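> Pasting a structure below so you can have a look.
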Amino acid sequence: MDVPALHPIDAAPTVPLVAVGTGRGRRLAVVLGAGGVLTAVAQVWLVPLLPALPRLTGSSATSASWLITVGLLVAAVVTPLFGRAGDIVGKRRMLLVALGVLVAGSLLCAVSSQLWLLIPGRGMQGACLAVVPLSISILRDELPAARVGAAVAMMSATVGVGAVVGIPFGALIVQYTDWHVMFWVIAACGLTLLVAARMVVRESPVREPARFDTHGAVGLAAGLLCGLLTVSQAAAGGPLRLRVLGLATATLVILVGWARRQVRTVDPLVDLRLAARRPVLMANLAALGVGFAFYANAMCTALLVQVPKEAGYGLGLSVLAGGLCLLPAGLVMAALSPLSAWITTTRGPRTTLLLGTNILTAGYLLRLADSHHLIMIILGGVVVAAGTALAYSGVSMLTVQAVPRGQTAAAGGITVLMRMVGQATCSAAVAAILGHLSVATSVGPVPTLAAFRTVFAIAGLAAVFATLAAILAPVRARHRARRLPPRRLIPFANTPAPALTCGSCAPSLSLASAAPATSAVPFAPALPPGAAVTSGAAVTAASAVSAVSASSATERRAATIGWSQWAVRRTPRVAPTDS
């Protein structure tokens, strides 16, 4: 009788670990860190140009604001899709795809000033934000466990550093050249990183076979689009208008239906059961609040100092000066990366997250207290950036520790999804509030001081929401893999196997063969009650072991067998008898 063999499952794959201090480890950290910075720069460098975008594109202010919002919307949809694809087909492959899409979108924007071409190009640039969760997953597979915390802190810091450094860098280029030059610069940098990643990053063997959920991606995109339109319309004209109520109803119906389908789908785009675990859920809720609070600071600081003096509170600075006001915040975020890693290692990611969200709240209290003087504006931005750096590191590490290795990219994609939803919501809300609460000047309508204070108050509430989520997060959230030890092991090393008499089976069945130690352990078929098997074969392979009893829980899972790393599925319960 032919006996099918099982391939090993649930066995830890052999992954060569790379020390950070080695040459290849440094190159890997540099390439992935540069990718995180570039993706953030590509998203936020347009922020100082918001007042000039209607003139540059020949559109309205509301339409021009979608050049920023559409990238965050696409990122919110594509990030979990790329994260899931990374777990399925390979993280390196999806990292290269994300960088390639960034290059293509930048080239499309570089050759046109028409809004109908700029919006798709900006959407393609938004897809590159999947680089961050993919990089975190790659680092977790490549680095020793003791180095993962520092690596995650570094990748989390690149998002904030790129955001606050990208604004003055983009303002510098725009001040002295055409604004399309920035798209060419991003395309060139993206192409360079694409080649470097292809040479340095190697494919991880950690995979989780599944299929793509295209219906889930479409449903998520539709729900988020309706939600952003709801926020934009409500901030501009009030929440009780018929159009706003209709959009809110459509958002609720679409997202509820999407969630029901995700729960019932075998391979969902967003694993809601994974996201419902307490540490992951609290981390994602905190990421939502932190994303909103951080992006409000990045958008409003550069715009606030550009308001003309005739508005009564403005400083009348240039686009370049407005961008440079965010440079100290970027330096602080970069400097706090090792500190956040140390706090996470010694006190845990929950402590890092709590500290960051409390500093965020204090920063917005400072911004509400004084938004007139340049030094106080810069100081408030620095405090908010410091809290963001700690909070991002805590959120990412809390998620990494709470999920198994094979689901790191998917779980990281969910966290970045929530962060992008927070940033996209902030972008739509800030554009609507600043456009609605405005005053006429010689250079056109500009936001009032009350508009900025309204944004700061809402961002402060978002920071308080993130603090509450951090308080509810468990103190210990480390994932522990379940191990099922064998009940009994058959003797080996040329020891005769016990004879199993069988009255209903004429042929004999060998429980182990003389195959080499690298071959798979034979599969033991389920036997009916009372049946027996006769076998006089000896077990000659030194590493061939097999479980001879299994509980109902074992029948639902494969048992990891001792040191041999071979797994045996559905081993029947048989009792040895005297030969």
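> Go through GLY406, GLY381, GLY348 for me and flag whichever is on the phi > 0 side of the Ramachandran plot and either modelled with pLDDT under 95 or open to solvent by 20 Å² or more (accessible area, probe 1.4 Å) (or both).
Every option except GLY348 fails the conditions.
> Can you name the residue in the stretch 290-322 that is among the β-branched types (Val, Ile, Thr) and in a helix (DSSP H, G or I) and, of all such residues, is surrounded by the most Cβ atoms within 10 Å (Cβ to Cβ)?
Only one residue fits best here, namely VAL290.
> Looking only at the stretch 359-378, which residues are among the polar types (S, T, N, Q) and either crowded, with 20+ Cβ neighbours inside 10 Å or modelled with pLDDT of 95 or more (or both)?
Answer for the stretch 359-378, where residues must be among the polar types (S, T, N, Q) and either crowded, with 20+ Cβ neighbours inside 10 Å or modelled with pLDDT of 95 or more (or both): just THR361.
> Right, something else. Every residue in the stretch 50-69 that is open to solvent by 10 Å² or more (accessible area, probe 1.4 Å) and either polar (S, T, N, Q) or under 19 Å from VAL111 (Cα atoms) (or both), please.
ALA52, PRO54, ARG55, LEU56, THR57, GLY58, SER59, SER60, THR62, SER63, SER65, TRP66, listed by residue number.
> Follow-up question, since we're still on this one. Residues in the stretch 51-67 that are under 29 Å from the mean Cα position of the chain (by Cα) and of a type in the set (A, V, I, L, M): how many?
Qualifying residue count, the stretch 51-67: 2.
> Note down all Cβ pairs under 7 Å where the first residue falls in the stretch 333-353 and is farther than 12 Å from LEU398 by Cβ and in contact (Cβ under 8 Å) with a residue 24 or more places away in the chain, the second is open to solvent by 50 Å² or more (accessible area, probe 1.4 Å) and β-branched (Val, Ile, Thr), and they're at least six residues apart or on different chains.
ILE343/THR351
> Same structure again: May I ask you to verify whether ALA104 is without any contact (Cβ under 8 Å) to a residue 24 or more places away in the chain, assigned to a helix (DSSP H, G or I) and not charged (D, E, K, R)?
Here the answer is yes, as ALA104 does meet what is asked.
> Given the options ALA248, ALA222, ALA287, ALA217, name the one that is assigned to a helix (DSSP H, G or I), touching a residue at least 12 places away in the same chain (Cβ under 8 Å) and under 30 Å from ARG350 (Cβ atoms).
Within the list ALA248, ALA222, ALA287, ALA217, the selection yields ALA287.
> Being at pLDDT 80 or above and in contact with an Asp or Glu (Cβ under 6 Å, 6 or more places away or on another chain) is the requirement here; does ARG27 meet it?
Against the criterion (at pLDDT 80 or above and in contact with an Asp or Glu (Cβ under 6 Å, 6 or more places away or on another chain)), ARG27 does not qualify.
> Could we say that ALA171 is open to solvent by less than 50 Å² (accessible area, probe 1.4 Å), part of a helix (DSSP H, G or I) and touching a Pro at 6+ places or on another chain (Cβ under 8 Å) here?
Judged against the criteria, ALA171 is a match.
> Looking only at residues in the stretch 182-214 that are of a type in the set (A, V, I, L, M, F, W, C), farther than 25 Å from LEU331 by Cα and part of a helix (DSSP H, G or I), which one is most open to solvent (accessible area, probe 1.4 Å)?
Filtering the stretch 182-214 for residues that are of a type in the set (A, V, I, L, M, F, W, C), farther than 25 Å from LEU331 by Cα and part of a helix (DSSP H, G or I), the one most open to solvent (accessible area, probe 1.4 Å) comes out as MET199.
> Does LEU229 satisfy being open to solvent by 30 Å² or more (accessible area, probe 1.4 Å) and not acidic (Asp, Glu)?
Yes; evaluated as a whole, the condition is true for this residue.
> Out of curiosity, is ALA250 modelled with pLDDT of 90 or more and crowded, with 23+ Cβ neighbours inside 10 Å?
Judged against the criteria, ALA250 is not a match.
> Next question. From the residues in the stretch 39-50 that are in a helix (DSSP H, G or I), over 16 Å from LEU327 (Cα atoms) and not β-branched (Val, Ile, Thr), which one is farthest from the chain's Cα centre (by Cα)?
LEU49
> Collect the residues in the stretch 435-457 that are in contact with a helix residue (DSSP H, G or I) (Cβ under 7 Å, 6 or more places away or on another chain) and part of a helix (DSSP H, G or I), keeping them in residue-number order.
The answer is GLY435, HIS436, ALA451, PHE452, ARG453, THR454, VAL455, PHE456, ALA457.
> Which of the numbered conditions does PRO133 fail, given that it passes all the others? Conditions: (1) under 18 Å from LEU220 (Cβ atoms); (2) of a type outside the set (D, E, K, R); (3) crowded, with 24+ Cβ neighbours inside 10 Å; (4) at pLDDT 85 or above.
Failed condition: (4).
> Do we find a residue being of a type in the set (Val, Ile, Thr) and either open to solvent by less than 20 Å² (accessible area, probe 1.4 Å) or on the phi > 0 side of the Ramachandran plot (or both) anywhere in the stretch 78-94?
Checked the stretch 78-94: at least one residue is of a type in the set (Val, Ile, Thr) and either open to solvent by less than 20 Å² (accessible area, probe 1.4 Å) or on the phi > 0 side of the Ramachandran plot (or both).
> Now for a separate question. Inside the stretch 325-434, counting only helices (runs of 4 or more DSSP H) that do not spill past its ends, which hold 2 or more residues that are closer than 21 Å to MET154 by Cα and in contact with a Lys or Arg (Cβ under 7 Å, 6 or more places away or on another chain)?
Those helices (runs of 4 or more DSSP H) span 374-402.
The values are calculated or read from the model by the stated rules, or taken from the named source; none is laboratory data. Remember, it's a predicted structure, so these values are computed and weren't measured experimentally. So basically every Cβ, Gly included, is an ideal-geometry build from the backbone, and we count neighbours across all protein chains shown. What goes into the accessible areas is simple: the full protein's heavy atoms, side chains included, and nothing from ligands, DNA or RNA. Shrake-Rupley method; radii C 1.70, N 1.55, O 1.52, S 1.80 Å.
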